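So the structure is just underneath, and the comments pick up after that.
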Amino acid sequence: MLLRRFFAMLTLAVVVMPSFAEMPREVNFGIIATDSSTALRGRWQPVLDDMAARVGVKVNAFFATDYAGVIEAMRFKKVDLAWFGNKSAIEAVDRAGGEVFVQTLDEDGVGGYYSLLITHVSSPFKTFDDVLKRGKEINFGIGDPNSTSGFAVPSYYVFALNHIDPKTHFKTIRSANHETNLQAVLNRQLDVATNNTEQYAILEKRMPERAKEIRILWKSPLIASDPMVWRKDLDPELKAKLKAFFLAYGTSGAHAAEERKKILAIQKWVGFRESSNLQLVPIRQLELAREKSKLEADATLAPAEKQAKLAEINRKLAELNAQLAQARK
């Protein structure tokens, strides 16, 4: 009788014990749509192959037609980790259970890159002031709505600070990825477009003569270099192996020089360093400041409603400032 009770209790214990996730056999790596999927696959596949060999799992590249597609894929667990810009990383963190774990290191060690406004060298638009004053003559190309350098940064520094609504300021406006906008400027299909120093560096490396056809009209303040984001609920062992891979890649080991060439071919990177969601705070502040500027200029809102909305923005800004202050301690 006692023996039967013992085995019954043992069986019950097995049933109710929590199950621990096993290391997956494969992961899906999301790649944001800065270029065509064919071009991106060509640049990323050597690195993904190395990741698979080092981490011990199959690594599948995941592409979508826009940034939102990668964010949604992470949200529905079709993507396990991904390369994002800061703006799209915010969406992944807030809506898809993501978490920043490393960021890229660029060739010159600046730790970031810049948003640009570009035009063709033969364009009649010679200065940033021309963009502000002659908008009705300009066919304008803006970036993906989830792009940091193509959309978020110019939306604040170019448009909000100069009290411009891009939808009404320009002759026409269209949204596309960095490479499409770059090619449209080179082919004179667009007069002015947003871009960034990373995409321009790729053009300089591959087609230096064509790069000379680009005139830079405006350059933003420094933007933190791109984050890699994983789902917070990934297996801890997998997380540890992925982080170890990125932190060592291109910077240590017998194959570091060869690895560095592979990531240089992607986006002029030389390696990765540890990071966290804190790197997104400046972009969050920028977005709130842009929202505040638009709100202050809105004459249609009742005073009480406007003050309530402004108070909420100020509260969020104060929280972000407190996060940064705490991190510096």
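Things worth noting here:
- Taking a ≥ b ≥ c as the square roots of the Cα gyration tensor eigenvalues, the chain comes out oblate, since a/c reaches at least 1.5 and a/b does not exceed b/c.
- Choice from Lys219, Lys133, Lys239 with maximal GNM fluctuation in the chain (Cα, 10 Å cutoff): Lys133
- Excluding same-chain neighbours fewer than eight residues apart, the lysines reachable from Lys136 by a Cα-Cα span under 28 Å are Lys126, Lys167, Lys171, Lys212, Lys219, Lys292, Lys294.
- Nearest 10 degrees, 0 to 90: helix 197-206 Cα axis against the chain principal axis: 90 degrees
- Taking 0.36 nm per residue of separation and subtracting the current Cα-Cα distance, fully stretching the chain between Lys78 and Asn162 would add 26.2 nm.
- Antiparallel bridge percentage (DSSP; both residues within the range 115-221; nearest 5): 60 percent
- For the chain, the antiparallel share of DSSP beta bridges with both residues in that region comes to about 60%.
- Neighbour net charge for Asp66 - beta-carbon separation under 11 angstrom, K R +1, D E -1: -2
- Theoretical ellipticity at 222 nm over the chain - DSSP helices of four or more residues, -39500 (n - 2.57) apiece, nearest 500: -14500 deg cm²/dmol
- Relative contact order of the range 115-221, defined on C-alpha pairs under 8 angstrom at six or more residues apart (%): 46 percent
- Within straight-line cross-link reach of Lys78, lysines at Cα separation under 23 Å, skipping those fewer than 8 residues along the same chain: Lys58, Lys87, Lys232, Lys239, Lys241, Lys243
- Remark: the Glu22-Ala53 segment gains 9.3 nm on full extension, using 0.36 nm per residue and subtracting the alpha carbon distance.
- Global form of the range 282-328, assessed from the alpha-carbon gyration tensor, a/c cut-off 1.5: oblate
- The range 255-329 versus the range 111-158: alpha-carbon centroid distance in Å: 20 Å
- The range 98-158 - percent relative contact order, Cα under 8 Å, separation 6 or more: 23 percent
- Contact order, relative form, for the range 190-326: 18 percent (alpha carbon pairs under 8 Å, 6 or more residues apart, mean separation divided by residue count).
- Gyration tensor analysis over the Cα atoms of the range 131-255 returns equivalent ellipsoid semi-axes of 35, 19, 12 Å (largest first, whole Å).
Taken together, the values in this text are just the output of simple stated rules run on the coordinates, not laboratory data. Since we're looking at a predicted model, the values are computed, not measured. Backbone-built Cβ (ideal geometry, glycine too); neighbour counts: all protein chains shown.
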